[in-house]
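The values are calculated or read from the model by the stated rules, or taken from the named source; none is laboratory data. Everything numeric here is computed off the predicted structure, so don't read it as measured data. All Cβ positions, glycine included, derive from the backbone under ideal geometry; neighbour counts span all protein chains shown.
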């Protein structure tokens with residue numbers, strides 16, 4: 001028999017993930033900050049609840065998908081939060097991307113209530129969430145991971161138990177450093193090529209077929225060429241994730257010169273008021289520096 005699920009946080013990523021779980025036959029109790037988000041998923045069969053506490057009370061396994069550490073802490077331990085509804089046999093799966101060290105503390109507090117917490121951040125953006133092809137990196141106890149694995153298999157294609165609590169968030173920081181640096185490098189390469197007289201579409205075709213092909217090009221390349229910066233993953237969240245990675249690196253005494261530079265690129269996006277656009281908009285910073293526009297009609 002399938003466990004009853006809860007899902008708190010129904011934004012760009014959470015909404016399609018919750019809908020995929022409903023399509024897979026799970027009962028899903030839902031809550032989110034905006035009534036419109038709840039209504040959208042309720043129309044697909046989700047069961048609306050008034051608070052995270054009520055979600056956790058109805059669910060065997062509760063999933064959280066919100067922007068940052070303070071929101072996760074509030075959902076778990078704040079007014080109307082999950083903690084009083086947690087007990088033996090219950091699991092909370094935090095699929096947000098948050099700081100690794102607080103995650104360990106959250107896990108201990110949940111464990112003290114008799115429940116278990118997994119940190120299970122994802123990679124793959126909105127397209128991966130819609131298609132159910134996310135990469136999921138999971139930290140926490142192996143037994144809890146095995147119980148949740150069938151749920152993860154609905155949401156993603158590559159599911160990896162990477163270690164204890166906090167390890168999932170640590171691996172996600174590694175992924176975010178690489179993806180952000182790659183996106184900035186794509187902007188530099190394409191700006192140079194376009195200024196040299198090559199069509200952006202041609203550049204994309206060539207780079208996507210050679211040794212430098214990568215997920216960033218595959219998922220966002222065409223959107224860059226078409227000047228489409230509708231958010232699949234907002235640049236303000238990329239900026240937040242880079243700062244989480246730098247915070248972790250400082251605690252570990254790991255030098256991060258490239259990540260530090262790329263963070264400044266995304267800080268420029270924030271200063272320009274572009275935080276709500278897709279994280280591929282970091283190419284706009286490069287365009288301004290180079291005096292060229294990549295793609296679109298010129």
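What the table shows:
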| read-out | value |
| --- | --- |
| Residues within the range 117-134 that are more than 10 Å from the chain's Cα centre (by Cα) and part of a strand (DSSP E or B), tallied | 3 |
| Total residues in the range 205-221, condition more than 26 Å from residue 263 (Cβ to Cβ) and surrounded by 15 or more Cβ atoms within 10 Å (Cβ to Cβ) | 0 |
| Residue 194, sole failed condition from (1) farther than 24 Å from residue 11 by Cβ; (2) at pLDDT below 95 | (2) |
| Single unsatisfied condition, residue 33 versus (1) more than 24 Å from residue 165 (Cα to Cα); (2) in contact with a strand residue (DSSP E or B) (Cβ under 6 Å, 6 or more places away or on another chain); (3) not in a helix (DSSP H, G or I) | (2) |
| Residue list for the range 2-49, filter: surrounded by fewer than 17 Cβ atoms within 10 Å (Cβ to Cβ) and at positive phi | 25, 45 |
| The range 138-160, residues that are under 18 Å from residue 96 (Cβ atoms) and either assigned to a strand (DSSP E or B) or not assigned by TED's automatic domain parsing to the domain that holds residue 107 (or both) | 138, 139, 156, 159, 160 |
| Qualifying positions in the range 79-101 - surrounded by 16 or more Cβ atoms within 10 Å (Cβ to Cβ) and part of a loop (DSSP other than H, G, I, E, B) | 81, 82, 86, 90, 95, 96, 97, 98, 99 |
| Selection count where residues are touching a residue at least 24 places away in the same chain (Cβ under 8 Å) and assigned to a loop (DSSP other than H, G, I, E, B), scope the range 243-257 | 1 |
| Residue identified as in contact (Cβ under 8 Å) with a residue 24 or more places away in the chain, out of contact with any strand residue (DSSP E or B) (no Cβ under 6 Å at 6 or more places or on another chain) and on the phi > 0 side of the Ramachandran plot among 81, 114 | 114 |
| Flag if residue 283 is part of a helix (DSSP H, G or I), at pLDDT 95 or above and either over 22 Å from residue 97 (Cβ atoms) or touching a helix residue (DSSP H, G or I) at 6+ places or on another chain (Cβ under 6 Å) (or both) | yes |
| Selected residue [surrounded by 22 or more Cβ atoms within 10 Å (Cβ to Cβ) and either without any contact (Cβ under 8 Å) to a residue 24 or more places away in the chain or more than 24 Å from residue 88 (Cα to Cα) (or both)] from 140, 170 | 170 |
| Hits in the range 188-217 - residues which are closer than 12 Å to residue 293 by Cα and under 27 Å from the mean Cα position of the chain (by Cα) | 188, 190 |
